[in-house]
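Read-outs throughout are calculated quantities, based only on the coordinates presented, and are distinct from any laboratory measurement. These numbers come from a predicted model, not from an experiment. Because the Cβ atoms are built from the backbone with ideal geometry, glycine has one as well, and the counts that use them run over all protein chains shown.
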Amino acid sequence: MFENSVAMAVLPASDLERARRFWSDVFGLTPVRTDMGGDFYVVGGVPVLVYETQFAGTAKNTSFGLMTDDLDRDMAALRAKGVKFNEYDLPGLKTENGVVDMDGERGAWFDDSEGNIISIAEPTGISLEDAKAMLAAQRA
């Protein structure tokens, strides 16, 4: 099943122009395609459709995740572009300065311009290349 498919992330935007500015200003990206009421970006090899809808920002869960080889470097770069990282104090999850150390990874979360929660994580038990290889093996 799905042997000949491509997965993509789909993120809602209540204001597509504002979302375009966010993706350009924060991630330095321009759409690779614009249609179907939205824009397609590619992040880490994954297509991301950002489309306009009145339901944007209503999910209270992580909507999109990024894996990095250097969380501190990427958080600093995002902060320099005005990104504010979320602080959480939940059972089993407490951030300090926006970062949580979990078993096997360090992670952080921030909201995009439309209220979607985006995570960024760095594996600590293995290298990013090993994590990529493990994910690729699952697709084979």
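For Leu66, which sequence-distant residues (separation of 5 or more, or a different chain) have an amide H within less than 5 Å of its own amide H, given hydrogens modelled in the peptide plane?
Ser119, Ile120, Ala121
Could you give me the ³J(HN,Hα) list for segment 31-40, computed from phi with Karplus coefficients 6.51, -1.76, 1.60 and θ = phi - 60°, whole Hz, x at Gly and Pro?
x, 7, 6, 10, 5, 6, x, x, 10, 9
Are there DSSP H segments in the chain that both extend 15 Å or more along their axis (alpha-carbon positions) and score a mean Kyte-Doolittle hydropathy of at least -1.0? List them, or say none.
Numbers: long enough: 128-139 (17 Å, -0.18).
Those that clear 15 Å and a mean of -1.0 are 128-139.
Based on alpha-carbon centroids, what's the gap between segment 78-140 and segment 38-64 in Å, whole number please?
Here the two parts' Cα centres lie 17 Å apart.
Exposure proxy check: Val6, Val99 ranked by fewest other beta carbons within 10 Å? Before the final figure, lay out each step's value.
Numbers: Val6 7, Val99 18.
With the fewest neighbours first, Val6, Val99 line up as Val6, Val99.
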